[in-house]
Every structure is written in structure tokens, then in C-alpha cells.
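K.L.:
First the structure, which I've put down as C-alpha cells, then a few questions once you've had a look.
Each reported figure results from applying straightforward, stated rules to the coordinates on display, with no laboratory input. Model, not experiment: these values are computed from the prediction. Counting neighbours? That spans all protein chains shown, and the Cβs are built from the backbone with ideal geometry, glycine included.
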Amino acid sequence: MTGALVVAALTLTGCASSAPARLGSPSSPSSPSPTEPLLTEQAGSGTSVGTLVKGFPTQLVPVPEGATVLVSSAQPIAGGLTQISLNLRSAQDAAGLLAAVRGPLLAAGFHEAPPAQPDPGLAAQSSFSRSDGTELVLVGVLDRDGVRTLTLGGRVHV
């Protein structure tokens with residue numbers, strides 16, 4: 001019982017201190033440990049790291065010249081549609097990257113609509129739809145330190 005009183009007294013004394021809290025003490029880790037595995041070369045079915053996944057609709061969404069594919073996916077979903085995503089990196093300017101995606105989509109009958117409220121963190125963005133909105137592709141381009149990252153996602157008939 002005496003030990004419990006000592007622990008309680010020390011705890012209360014620590015709580016009443018006017019000294020500022022110190023983070024990163026030896027008893028606590030200095031950085032959080034990850035709870036989710038990081039993306040690796042062995043991505044799930046329908047996803048590929050560093051290349052275009054088999055079945056990716058390159059006729060609708062070709063990889064711009066000089067761009068490096070980071071991750072791609074193509075997964076069949078209901079209604080004969082394919083859910084696609086593409087992340088790539090390029091030194092090409094944001095307008096050029098968006099134009100490289102825009103051309104084939106418009107040629108395939110998609111209609112472009114700029115966002116009603118552009119994301120101020122993106123250098124370029126747009127959406128494309130076809131088949132009364134059944135098919136939809138969203139594109140955003142991030143510009144950081146002279147390198148652009150294009151992220152594209154949506155659902156299309158392949």
C-alpha cells in the first residue's frame with residue numbers, strides 16, 4: 001500500500017509542475033512506427049510499380065514522352081468499366097502534361113470540364129467525362145522543385 005501512495009504522490013507532483021513538457025524523452029520513441037506497409041515492387045493484382053500494368057488503356061491515356069511511371073492500375077469493375085489510376089513524374093511543364101492527357105481523351109469523345117473550385121496546391125487540373133458521366137477521368141498535376149507529378153484516376157470503358 002505504501003508503494004502505491006509513493007507512485008501516486010510522484011504522479012501528482014509531475015502533473016503539478018510548471019516546467020514545460022519535454023517531448024522525445026528516452027522513454028518515448030522520437031518518431032512513430034508505420035502501421036501500414038509501404039508500397040513495394042510486389043503490388044497487388046491489377047497494379048504495377050514502375051511500369052504500366054497489363055490492361056492499362058494506353059489508347060485513352062498514353063504516358064507522356066519522357067515521363068516516368070511511378071504506379072499504375074487497371075481493375076475491372078461493374079458495368080464493363082475499368083477503374084484506372086496512374087501516377088507519373090516528369091520534367092515537362094504542368095500545361096504540357098495536362099495537354100498530353102487531354103488530346104487523346106478529347107479525340108475519344110470525352111468532354112473536358114475545369115474544376116469549379118481549383119485546388120490551389122495543384123499547378124493544373126481538369127476532369128473529363130463521356131457516356132453521360134458513366135466514364136470519368138480526373139487529372140491533377142503537382143509542381144514541386146522543378147518536377148511535376150501527374151495523378152490521374154477514373155473509370156473508363158476499355
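K.L.:
First select every other residue whose beta carbon is under 15 angstrom from the beta carbon of PRO64; then total the charges, Lys and Arg +1, Asp and Glu -1. Provide the component values of the computation, followed by the final result.
P.N.:
Details: positive: ARG89, ARG102, ARG148; negative: GLU65, ASP93, ASP143.
Net of charged neighbours comes to 0.
K.L.:
Another question, if that's okay. Could you tell me how far the Cα centroid of region 78-94 sits from the Cα centroid of region 112-150, in Å?
P.N.:
Between the Cα centres of region 112-150 and region 78-94 lies a distance of 11 Å.
K.L.:
Just for the Cα atoms in region 56-158, what are the lengths along the principal axes, largest first, rounded to whole Å?
P.N.:
Over region 56-158, Cα extents along the principal axes are 41, 28, 21 Å.
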